[in-house]
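These notes concern the structure reproduced below.
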Amino acid sequence: MLPNGQRSRGSTRTKDKTQAEELHDKLKYASWRQFSFGEKPKVLWDEAALKWIKSNEDRKKSIDDDISRLRQLPELRGVYLHEINKKMIMSIVDAKNCSDSTKNRYLALIRSILNVCVDKWEILDKKITLKSYAESPPRVKWIRPEEANALITYLERYPYMAAITKFDLATGLRQANVFGLKWPQIDFKRRICEYYPEDMKANKPLVIPLNDTAMKVLTRQMGMHEKFVFVHSRHKQIKRLNYKWWDEAKCETNIDEDFNWHDLRHTWASWLVQNGVSLYALKELGGWQTLEMVQRYAHLAPEHLIKDALKIDNIMTTSCHNLDTPYDTGKEVVTVEMMRKILKDLEEKWWVVSDSNARPTD
């Protein structure tokens with residue numbers, strides 16, 4: 001019941017009785033302050049988070065990630081926006097058992113919601129400055145062809161796992177793009193695979209050429225499902241990796257325990273660079289937005305730069321004048337021997353002029 005006699009109904013969105021009672025008391029007190037002193041209505045984090053989700057529903061790919069992260073922030077539930085401060089946020093994120101890059105994703109989401117509360121929705125008075133964590137350099141872990149073959153061979157006992165692993169190594173596609181691949185995206189005649197902007201992380205279309213390895217995998221998948229290219233053993237779309245089989249395969253083939261599925265993409269990129277593919281071509285094949293994003297692979301193949309470095313040899317022997325090359329003065333060719341004679345004559349004349357009896361030592 002509000003101070004003006006009106007009844008307000010709503011859900012506390014929790015099954016915990018204690019939390020529900022605490023939220024009820026907060027709402028009742030806030031209503032009293034608003035009615036008695038004309039204060040600006042106070043908004044809970046829960047309300048702001050829900051409004052954020054509804055206003056970003058068109059960003060289907062990223063909003064799913066936001067919802068997942070919001071579920072991992074139960075400490076902010078039932079807290080008013082004006083009660084949230086930098087110390088509270090950093091202590092919550094610090095306690096997360098994850099990498100600094102993942103912590104930065106939490107901070108980015110919290111920062112975005114609070115900023116829009118100030119700038120657009122006008123339900124919060126001032127912004128909160130949050131300093132991001134210093135992230136480690138991009139991780140590049142890859143395996144050699146013989147290790148990849150051993151991994152695929154072991155996974156043959158789980159046919160669909162072997163298929164998606166081989167296809168990923170052949171194309172360098174991200175996990176979601178492999179698992180969600182549909183037959184209409186494949187053009188067998190032109191040997192290409194097409195992805196629409198909404199399917200890609202960079203929100204840009206991608207068309208990749210299909211090599212023989214990828215084509216063989218696709219051919220074997222034909223007839224397994226009318227819509228999806230890859231399906232699991234129960235003939236339904238693959239929605240998540242079977243980590244039990246994946247870890248088992250790594251263990252049996254002596255591949256590092258921390259080699260994860262995304263490292264297949266790193267492996268694909270590393271193999272291409274090591275075989276002379278330019279970073280620009282790699283960027284286009286992998287669907288990266290900028291060249292900076294593929295610079296992480298540049299150090300893997302200094303050998304392919306040797307042919308460029310050898311150009312200096314030609315330049316120095318044909319265009320530069322070293323000790324074995326005559327120098328053309330425009331009037332006559334002065335050879336090295338002629339230069340030595342001239343220097344010797346000058347040296348002898350210098351000793352005569354200086355009237356010195358002893359030559360200086362070197």
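The values are calculated or read from the model by the stated rules, or taken from the named source; none is laboratory data. The shown structure was predicted, so the numbers you read here are calculated from the model rather than taken from an experiment. Note that we place each Cβ from the backbone using ideal geometry, even for glycine, and neighbour counts take in every protein chain shown. Remember, those area values only see protein heavy atoms, side chains included, never the ligands or the DNA or RNA. Shrake-Rupley method; radii C 1.70, N 1.55, O 1.52, S 1.80 Å.
General remarks:
- Qualifying positions in region 44-72 - open to solvent by less than 30 Å² (accessible area, probe 1.4 Å) and either among the small types (Gly, Ala, Ser) or not in a helix (DSSP H, G or I) (or both): Leu44, Ala48, Ala49, Asn56
- Checklist (1) under 25 Å from Asn203 (Cβ atoms); (2) at pLDDT below 90 applied to Asp119, failing item: (2)
- Pairs where the first residue, in region 147-163, is more than 17 Å from Asn254 (Cα to Cα) and modelled with pLDDT of 95 or more and the second is open to solvent by 40 Å² or more (accessible area, probe 1.4 Å) and among the hydroxyl-bearing types (Ser, Thr, Tyr), C-beta under 7 Å, 6+ apart: Tyr160/Ser233
- Candidates Arg111, Arg157, Arg144 - the one that is open to solvent by 90 Å² or more (accessible area, probe 1.4 Å), within 26 Å of the chain's Cα centre (by Cα) and not hydroxyl-bearing (Ser, Thr, Tyr): Arg144
- The set of residues in region 102-141 being out of contact with any Phe, Trp or Tyr (no Cβ under 8 Å at 6 or more places or on another chain), in contact (Cβ under 8 Å) with a residue 24 or more places away in the chain and either at positive phi or of a type in the set (S, T, N, Q) (or both) consists of Thr129, Ser132, Ser136.
- Search result, residues across region 230-241 that are open to solvent by less than 60 Å² (accessible area, probe 1.4 Å) and either at pLDDT below 95 or in contact with a Phe, Trp or Tyr (Cβ under 6 Å, 6 or more places away or on another chain) (or both): His232, Gln237, Ile238, Leu241
- Take the conditions (1) within 21 Å of Lys244 (Cβ to Cβ); (2) of a type outside the set (Phe, Trp, Tyr); (3) part of a helix (DSSP H, G or I); Leu107 misses just one of them, which is (1).
- The single condition among (1) surrounded by 12 or more Cβ atoms within 10 Å (Cβ to Cβ); (2) closer than 21 Å to Met293 by Cβ that Pro137 does not meet is (1).
- If the condition is being under 24 Å from Gln19 (Cβ atoms) and surrounded by 15 or more Cβ atoms within 10 Å (Cβ to Cβ), then region 97-108 contributes only Tyr106.
- Selection status of Ile89, within 28 Å of the chain's Cα centre (by Cα), modelled with pLDDT under 95 and open to solvent by less than 80 Å² (accessible area, probe 1.4 Å): no
- If you go through region 202-220 and pick out every residue that is modelled with pLDDT of 95 or more and in a loop (DSSP other than H, G, I, E, B), you end up with 2.
- Considered as a group, the residues in region 244-279 that are of a type in the set (A, V, I, L, M, F, W, C) and over 19 Å from Leu173 (Cβ atoms) include one that is most open to solvent (accessible area, probe 1.4 Å), and that residue is Cys251.
- Leu124 meets all of the listed conditions (1) over 22 Å from the mean Cα position of the chain (by Cα); (2) open to solvent by 80 Å² or more (accessible area, probe 1.4 Å); (3) of a type outside the set (S, T, N, Q) but one, namely (2).
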